[in-house]
Amino acid sequence: MIRVNENYLKLKASYLFVDIAKRVAAFTAAHPEKKVIRMGIGDVTCPLPPVCIKALHEAADEMAAEATFKGYGPEAGYEFLREAIAENDYRARGCQIGADEIFVSDGAKCDTANIQELFAGDIKIAVPDPVYPVYVDTNVMAGRTGENVGGRYQGFIYLNSTAENNFIPELPKEKVDLIYLCFPNNPTGAAITKAELKKWVDYAKENKSLILYDAAYEAFIRDESLPRSIYEIDGADEVAIEFRSFSKTAGFTGTRCAFTVVPKKVKAYTSSGEAVALNPLWNRRQSTKFNGVSYPIQKAAAAVYTAEGKAQVKALIDFYLENAKIIREKMTSLGFACTGGENSPYIWVRTGCESWSFFDKLLNEAAVVTTPGSGFGSCGEGFIRISAFNSRENVIEAMNRVSSVLGN
Ligand code: PLP
């Protein structure tokens with residue numbers, strides 16, 4: 001008899017986006033004349049930078065000629081891309097990361113989901129609340145938790161991110177083995193300082209724990225004092241794995257390219273306390289289960305690191321950051337406390353009421369769609385997330401409508 005992985009049955013169905021879609025559909029059916037503006041989406045709206053398109057075309061032409069055709073590529077990525085990443089994202093910022101510590105993939109989603117395969121089943125895991133749900137659900141699937149009770153899985157240590165701690169969670173009181181951190185954060189938009197991040201690195205060193213650092217929104221950091229990589233903190237290359245993506249940096253959400261950094265010094269331990277390097281383990285995992293990102297896509301990603309590419313990407317992010325500023329300023333002027341929107345494409349708005357009631361008010365009275373914070377975890381109750389990924393016209397129109405609904 002084929003038996004099911006019963007851990008899947010513990011998963012609390014994520015009704016968030018389904019619920020949003022249902023409410024929007026009902027509103028549209030009742031008011032077909034109203035143009036709905038979607039400020040909830042975490043997907044980019046601008047096209048790929050021209051340098052990436054040019055590289056894609058050129059690489060497609062290479063695939064058409066016998067002399068330049070490429071079949072399977074290296075599982076961890078072509079050297080030209082791994083080297084460009086190591087040089088521009090790391091060594092240029094003083095982080096000693098080599099090309100053989102970079103693993104190119106088709107998404108930070110799959111990497112943050114798959115990495116847990118390297119760890120034992122009975123480790124203690126700390127996850128933020130609110131959270132990007134992938135970290136939680138993949139550990140539930142792997143059987144590292146108990147049942148979901150009152151919105152939280154038994155066995156996890158939840159790291160509360162609240163207004164009281166400026167959305168930077170405190171160190172856990174108990175010893176944990178694995179820690180998920182994400183900065184700039186989705187959904188709160190909060191960014192972490194070097195001093196705050198150092199506390200986590202020190203904690204990990206002291207407790208032989210590992211930090212999984214999701215820096216998918218790193219390109220939005222404009223404050224030069226903030227760390228763009230965890231490896232800007234001394235010693236982090238012994239205790240942290242970092243995830244990055246071209247999705248939000250260069251508009252690759254539909255094109256798919258990302259990478260994970262597993263420094264050679266990072267270790268995990270056997271039950272008898274023997275240290276095992278994680279770089280060869282991740283390499284083994286990827287070369288067994290993954291066959292690499294396509295050559296044209298890697299060429300397009302490498303184009304991001306040319307002088308022209310850097311300028312185009314900066315302009316792209318500047319555009320979204322200006323949207324974020326407009327949203328943040330408007331919501332603040334209406335009397336709502338906001339986090340994010342600076343160094344981040346997300347604005348986390350304290351609603352003063354239940355997330356869903358605020359969502360419904362904006363939908364029904366302004367035809368503006370946001371994301372209820374409660375969908376990201378219990379600490380998200382009382383907040384909504386507004387995304388800056390949109391056209392300028394839509395952002396201005398949405399804020400005018402919100403203003404006339406919420407203004408005095
Ligand atoms: N990590 C975070 C925090 C995200 O918000 C997202 C996407 O929304 C991802 C990872 C996924 O990125 P990718 O498109 O590279 O899979």
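The values are calculated or read from the model by the stated rules, or taken from the named source; none is laboratory data. Just so we're clear, the structure is a prediction, and the values are computed from it rather than from any experiment. We place every Cβ from the backbone using ideal geometry, glycine too, and count neighbours over all the protein chains shown. Heads up: the accessible areas ignore ligands, DNA and RNA and are worked out on the full protein's heavy atoms, side chains in. Shrake-Rupley method; radii C 1.70, N 1.55, O 1.52, S 1.80 Å.
Look at the range 82-139 and say how many of its residues are in a loop (DSSP other than H, G, I, E, B) and of a type in the set (A, V, I, L, M, F, W, C). Break it down stepwise before answering.
Quick first cut of the range 82-139, residues in a loop (DSSP other than H, G, I, E, B) only: 94-98, 106-107, 119-124, 130-133.
Now restrict to residues that are of a type in the set (A, V, I, L, M, F, W, C): 95, 97, 119-120, 123, 131.
Qualifying residue count, the range 82-139: 6.
Considering the range 162-175, the residues that are at pLDDT 95 or above and closer than 22 Å to I123 by Cβ include one that is most open to solvent (accessible area, probe 1.4 Å), namely K175. Identify the single condition in (1) surrounded by fewer than 18 Cβ atoms within 10 Å (Cβ to Cβ); (2) within 13 Å of the ligand (Cβ to nearest atom) that E274 does not satisfy, given that it satisfies every other one. Among (1) surrounded by fewer than 18 Cβ atoms within 10 Å (Cβ to Cβ); (2) within 13 Å of the ligand (Cβ to nearest atom), E274 violates only (2).
Would you pick out the residues in the range 231-249 that are within 14 Å of the ligand (Cβ to nearest atom) and more than 13 Å from T112 (Cα to Cα)?
If the condition is that a residue be within 14 Å of the ligand (Cβ to nearest atom) and more than 13 Å from T112 (Cα to Cα), then F246, S247, K248, T249 are the ones that fit.
Which of the residues that make up the range 113-133 are in contact with a Cys (Cβ under 9 Å, 6 or more places away or on another chain) and open to solvent by 20 Å² or more (accessible area, probe 1.4 Å)?
Taking the range 113-133 and keeping what is in contact with a Cys (Cβ under 9 Å, 6 or more places away or on another chain), we get 128-132.
Y132, the sole residue that qualifies.
Would you check if V51 is closer than 29 Å to V368 by Cβ, touching a residue at least 60 places away in the same chain (Cβ under 8 Å), assigned to a helix (DSSP H, G or I) and away from the ligand (no atom under 15 Å from the Cβ)?
No; evaluated as a whole, the condition is false for this residue.
Candidates in the range 82-112 are the residues that are open to solvent by 20 Å² or more (accessible area, probe 1.4 Å) and within 11 Å of the ligand (Cβ to nearest atom); of these, the one that is nearest to V293 (Cα to Cα) is D106.
Return the residues of the range 366-408 that are within 17 Å of G335 (Cβ to Cβ), in a loop (DSSP other than H, G, I, E, B) and at pLDDT 95 or above; say none if nothing qualifies. Once the filter is applied, which keeps residues that are within 17 Å of G335 (Cβ to Cβ), in a loop (DSSP other than H, G, I, E, B) and at pLDDT 95 or above, the range 366-408 yields T370, G382. When we screen I20, I41, I85 for residues that are β-branched (V, I, T) and more than 25 Å from S391 (Cβ to Cβ), the only hit is I85.
Could you check, for the range 111-120, whether at least one of its residues is touching a Gly at 6+ places or on another chain (Cβ under 7 Å) and modelled with pLDDT of 95 or more? Break it down into steps so the answer makes sense when it comes.
Of the range 111-120, the ones touching a Gly at 6+ places or on another chain (Cβ under 7 Å) are none.
Scanning the range 111-120, I find no residue that is touching a Gly at 6+ places or on another chain (Cβ under 7 Å) and modelled with pLDDT of 95 or more, so the answer is no.
Could you tell me which of the residues I347, I326 is within 21 Å of D129 (Cβ to Cβ), open to solvent by less than 60 Å² (accessible area, probe 1.4 Å), of a type in the set (A, V, I, L, M) and modelled with pLDDT of 95 or more? When all the criteria are applied, what remains is I347. Every condition in (1) surrounded by 24 or more Cβ atoms within 10 Å (Cβ to Cβ); (2) within 16 Å of the ligand (Cβ to nearest atom); (3) among the β-branched types (V, I, T) holds for I221 except the one numbered (1). Please indicate, with yes or no, whether at least one residue in the range 353-371 is without any contact (Cβ under 8 Å) to a residue 60 or more places away in the chain and among the β-branched types (V, I, T). Within the range 353-371, not a single residue is without any contact (Cβ under 8 Å) to a residue 60 or more places away in the chain and among the β-branched types (V, I, T).
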